[in-house]
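The values are calculated or read from the model by the stated rules, or taken from the named source; none is laboratory data. The model shown is predicted, which means the values in this text are computed figures rather than measured ones. In this analysis, Cβ positions are derived from the backbone assuming ideal geometry, glycine residues included, and neighbour counts consider all displayed protein chains.
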Amino acid sequence: MKPEEEFREPEWTAELDRALKSLPLRSAPPSLIPRTLEAIRKEAARGKAAAGWLAWPLWARLGSAAAAIALLIGLGFALQPLAEAVWASLAGPAQTFAAHAARLFHAVRNLGGAVESVPLLFLAGWGAALWLCAAATGSFLYRLLLSSVSMSDSKP
Amino acid sequence: MSDLSEFEGFMRQYQDMVFTVARRLLGNAADAEDVAQEAFLRAYRHFDRLRDNPAAGGWLRTVARNLAINHLTRYRNRWRFFSEMGPEDGVESPREANRFEANLPAPETHSRDTARLDRLEILDRALDRLPPTQRAALALYHFEGLSYEEIAARLKVSLAKIKSDIYRARTALRRRLAAQKHNLLAE
């Protein structure tokens with residue numbers, strides 16, 4: 001009988017199923033109940049504050065919402081001069097950055113035009129040479145790494 | 001606190017069942033205890049509805065099973081639970097088989113000890129020694145009553161892998177029972 005056919009025996013599989021289902025339950029470790037009760041107590045000790053804002057009493061929810069809104073408005077007024085100062089200080093560097101970016105963009109566009117004037121065959125050859133160099137270097141480094149790993153594995 | 005003492009009684013009633021479900025799926029007592037604790041924590045959150053509910057046992061069993069499956073799939077990369085690489089996957093290595101044989105009673109005492117050992121205990125021990133991937137699939141099929149397709153979907157592996165794991169688990173169980181001169185059908 002082939003091994004694959006062995007368990008196509010329905011009687012044996014059914015008997016195994018019955019035997020497995022009749023296995024007695026395993027006894028839970030004695031530490032299970034104490035540690036679960038401890039976890040329940042810890043969870044309860046976190047209190048209502050940790051239970052989420054929606055679980056707070058209505059007066060606490062209304063009060064905390066009003067306080068949060070007032071705090072945001074107050075911060076807005078208090079920080080307005082600071083925000084204006086920051087904006088003014090950023091204006092100069094931002095203009096400089098924009099000018100540099102424009103110059104870079106023009107340079108890249110000019111480079112693109114220059115590349116277009118080079119024959120396609122030359123570009124393809126150059127690309128293939130670069131690819132071969134990269135592949136050879138990568139392969140060399142990979143073999144170097146493998147040999148160092150195998151040497152370190154063979155140490156007692 | 002009376003609620004807690006009532007819940008303690010509830011836990012005493014179901015702790016072995018919850019622990020066994022997790023233990024058979026995870027094959028590890030420490031992880032099974034973690035899963036059992038989490039299942040009971042969830043039960044406590046719904047204790048108002050569960051305390052007098054005759055379906056509480058079924059609810060707990062499902063929660064324990066789902067938590068154990070989540071545990072298996074979460075940590076599968078760590079212990080290569082469902083790695084399909086390597087020829088040893090699911091196949092008992094000769095070294096492992098020898099270790100099992102080494103744990104058997106000496107031949108001269110074999111018949112006496114076998115008579116003493118409960119056949120279900122032998123089966124339970126053989127189940128414990130299955131590779132994790134096979135034990136989980138077999139447990140979900142035989143203990144939890146899931147179909148091959150359901151097991152594959154829950155464990156997020158292919159149907160073919162599940163069929164293969166269950167087949168290999170049965171083969172290993174039969175081999176190990178035979179090694180103890182133990183035949184289920186002969187009982």
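Only residues that are within 9 Å of chain A (Cβ to nearest Cβ) and outside any helix (DSSP H, G or I) were counted across region B:119-150, and they come to 1. Quick one: in region B:34-66, of everything that is among the basic types (Lys, Arg), over 16 Å from the mean Cα position of the chain (by Cα) and outside any loop (DSSP other than H, G, I, E, B), which residue is nearest to the other protein chains (Cβ to nearest Cβ)? Per the criteria, the residue is B:45. Yes or no: residue B:120 in contact with a Pro (Cβ under 8 Å, 6 or more places away or on another chain), at pLDDT below 90 and closer than 24 Å to residue B:22 by Cα? Criteria met by residue B:120.
The C-beta contact set for region B:30-57 (first residue closer than 21 Å to residue B:144 by Cα, second residue acidic (Asp, Glu) and at pLDDT 95 or above, distance under 9 angstrom, 6+ apart or interchain) is empty. Number of residues in region A:116-133 that are in a helix (DSSP H, G or I) and either surrounded by 10 or more Cβ atoms within 10 Å (Cβ to Cβ) or at pLDDT 90 or above (or both): the value is 11.
Within region B:5-16, not a single residue is in a helix (DSSP H, G or I), in contact (Cβ under 8 Å) with a residue 60 or more places away in the chain and among the hydroxyl-bearing types (Ser, Thr, Tyr). Listed by first and then second residue, the pairs linking a residue in region A:14-42 that is at the interface with chain B (Cβ under 7 Å from one of its Cβ atoms) and farther than 16 Å from residue B:40 by Cα to a residue that is surrounded by 11 or more Cβ atoms within 10 Å (Cβ to Cβ) and among the β-branched types (Val, Ile, Thr), with Cβ atoms under 7 Å apart and 6 or more places separating them unless they lie on different chains, are A:25/B:20; A:26/B:20.
Taking region A:56-94 as the range and being among the charged types (D, E, K, R) and within 30 Å of residue A:46 (Cα to Cα) as the test, only A:61 passes. Would you confirm, using the coordinates I've provided, whether residue B:31 is more than 19 Å from residue A:39 (Cβ to Cβ) and more than 10 Å from chain A (Cβ to nearest Cβ)? It is false that residue B:31 is more than 19 Å from residue A:39 (Cβ to Cβ) and more than 10 Å from chain A (Cβ to nearest Cβ).
Go through the residues of region A:34-45 one by one and say whether even a single one is part of a helix (DSSP H, G or I), modelled with pLDDT under 85, surrounded by 10 or more Cβ atoms within 10 Å (Cβ to Cβ) and not hydrophobic (A, V, I, L, M, F, W, C). Yes; the residues of region A:34-45 include at least one that is part of a helix (DSSP H, G or I), modelled with pLDDT under 85, surrounded by 10 or more Cβ atoms within 10 Å (Cβ to Cβ) and not hydrophobic (A, V, I, L, M, F, W, C). So which of A:109, A:61 is in a helix (DSSP H, G or I) and under 30 Å from residue B:45 (Cβ atoms)? Exactly one of A:109, A:61 is in a helix (DSSP H, G or I) and under 30 Å from residue B:45 (Cβ atoms), namely A:61.
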